[in-house]
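Before any comments, here is the structure.
Quick note: the coordinates plus some simple rules give every number you see, no bench work behind them. Since the model is a prediction, treat every value here as computed from it, not as a measurement. Neighbour counts are summed over all protein chains in view; Cβ atoms, including those assigned to glycine, are modelled from backbone coordinates with ideal geometry.
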Amino acid sequence: MTQAYAHPFTRTDRSPTAMWWWTLDRVTLALALVLLTLGFFFSFSSSPVAARHIASHDDFYYTKRHFVFMILTAGLMVATSMLSLKGLKRVSVAVYGFMLSIMALLPVIGHAAKGGRRWLALGPVALQPSEFLKPALIVLIAWMFCEGQKGKGVPGVTIAMILYAMAIFLLLIQPDVGQSILITIAFGACFFISGVPFRWIIGMLGAAGAGLVGLFFIQPHFRNRIMGFIQPDADSAYQVNAAKAAIANGGLWGVGLNEGVMKRHIPDLHTDFIYSVVAEEYGLWMTLIIIGIFGFIVVRGLLKTMAMQDPFRQIAACGLYIMLGTQVLINVSVNLGLIPPKGMTLPFISYGGSSMLAMGLCLGFILALTRKRNDEIVVNDDPSHW
């Protein structure tokens, strides 16, 4: 006689953990865990070469670190998804304030690398505060937009603009134009969804365009990246050309696990250019699966948020989904040579402690925002329905 499977939670269980489970978007959580697992699996072929290139570590130095960051990221994602809306706002305030303070000190105490001073060295770990600031900023912006719409005298739009401007100012000092563009796109999406007059959107687009033109003339690092993309020489196009050659060499089915050769010529293969390593060894089909998972998460998430009744949850979740999708688009476009290199990782797949943990925080925020709330939960106590 077979025994029926006993689910750990019943519909009538009103414990906090049970309520979290039944209100959670379990599909998005499962897909995020799949991406984390794939990233760890891919590290077995990318990390050994990186370990020999960057430092005299054993071959699986970065793989072991990747595993630790993967576990921490999954834990952070689950823990953050349990937050109430009030707790989510409080955590966002704390994260934004703390990371903004560190960013203000980076010109003095920051670690310089790759043409910028974006990291804070903490022993064996390098913290990039801008990664954690991004999701917190989007939540705060959505909160302020909603407060401003209530008509109770709170200058929500003005406060949101100030929060955004402070973040962008400190990012451009580093300089980190890629993160600035990403935050601006997400901020503009929140701006649009909140229902501001269309002329404000046009004004913001004009200001962003003028800002990029100004950066070209006053920021040598940004200008060199653009000119290296327009008129590439052997040095400026080295990594991108190697990445494109790896993608072409992989073809449809790939050359096989750990059989890729172009990865030996890509310095950042386990971080910014992991996509090209996957394309060479596993082929086009695997990269399409990865892009399809990201696309499914983002498109499905945006459709779900459009049905929400709470403006704060709707604006914040949309902004976070758009930020996630845009980062994937930027990373893939860089690997394909469609845009200049931005130093941006592929979420959940690339190696990098700050980027992985920050993406765990971002998706945890999304899961907390998209959980069904009291007015959306319909409980059916009929056992036959279960």
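Please give the peptides 338-344, 250-256, 324-330 ranked by average Cβ packing (other Cβ atoms within 10 Å per residue), highest first, as a rough proxy for protection.
324-330, 338-344, 250-256
Per-residue HN-Hα couplings for region 330-339, Karplus 6.51 cos²θ - 1.76 cosθ + 1.60 at θ = phi - 60°, whole Hz, x for Gly and Pro?
Per-residue couplings from phi come out as 5, 4, 5, 5, 5, 4, 8, x, 8, 9 Hz.
If you rank Ile218, Ile291 by fewest surrounding Cβ atoms within 10 Å, what's the result?
In increasing order of surrounding Cβ atoms, one gets Ile218, Ile291.
So how do Glu280, Glu147 line up by other beta-carbon neighbours within 10 Å, fewest first?
Details: Glu280 28, Glu147 18.
So the residues, fewest neighbours to most, are Glu147, Glu280.
By how many nm would the segment from Ala208 to Lys372 grow when fully extended, if each residue of separation counts as 0.36 nm and the alpha-carbon distance is taken off?
Working it through step by step, the gained length comes to 55.4 nm.
Go ahead and run the numbers for FRET between Val93 and Arg300, Cβ-Cβ distance against an R0 of 22 Å, rounding to 0.05.
0.15
Sequence neighbours fewer than 8 away in the same chain don't count; with that in mind, list the lysines whose C-alpha is under 28 Å from Lys86.
Lys134, Lys150, Lys152, Lys304, Lys372
Which order do the peptides 90-100, 308-318 come out in when sorted by mean C-beta neighbours inside 10 angstrom, highest first?
Highest-to-lowest ranking by the protection proxy: 308-318, 90-100.
As an exercise, use a Förster radius of 22 Å and the Cβ-Cβ distance of Arg26 and Lys64 to find the FRET efficiency, rounded to the nearest 0.05.
0.15
What full-extension length gain, to one decimal in nm, is calculated for Arg223 and Gln309 as 0.36 nm per residue of separation minus the Cα-Cα distance?
That works out to 26.5 nm of additional length.
Arranged from highest to lowest average of other beta-carbon atoms within 10 Å per residue, in what order do the peptides 148-158, 182-192 appear?
Averaged packing, sorted descending, gives the order 182-192, 148-158.
Report the full-extension gain for the segment Val154 to Leu33: residue separation times 0.36 nm, less the Cα-Cα distance, to one decimal in nm.
Between Val154 and Leu33, full extension yields an extra 39.6 nm.
Using Cβ contacts closer than 10 Å as the measure, can you line up His66, His270 from fewest to most? Walk me through the numbers before you get to the answer.
Working: His66 26, His270 29.
Least crowded to most crowded, the residues run His66, His270.
Given labels modelled 7 Å from the Cα in the Cβ direction, how far is it in nm from Asn241 to Ala79?
Here the answer is 4.7 nm between the modelled labels.
Apply the Karplus curve 6.51 cos²θ - 1.76 cosθ + 1.60, θ = phi - 60°, to the phi angles in region 24-39 and return the couplings in whole Hz, x for Gly and Pro.
7, 7, 6, 5, 5, 4, 5, 5, 5, 5, 4, 4, 4, 5, 4, x
On a straight-distance basis, which lysines could pair with Lys263 in a cross-link, Cα separation under 17 angstrom, same-chain partners fewer than 8 positions away excluded?
Excluding near neighbours in sequence, the set is Lys244.
Among (i) 67, 67, 39; (ii) 73, 55, 40; (iii) 74, 49, 37, which one is Cα extents along the principal axes in Å computed from these coordinates?
Recomputing Cα extents along the principal axes in Å here picks out (i).
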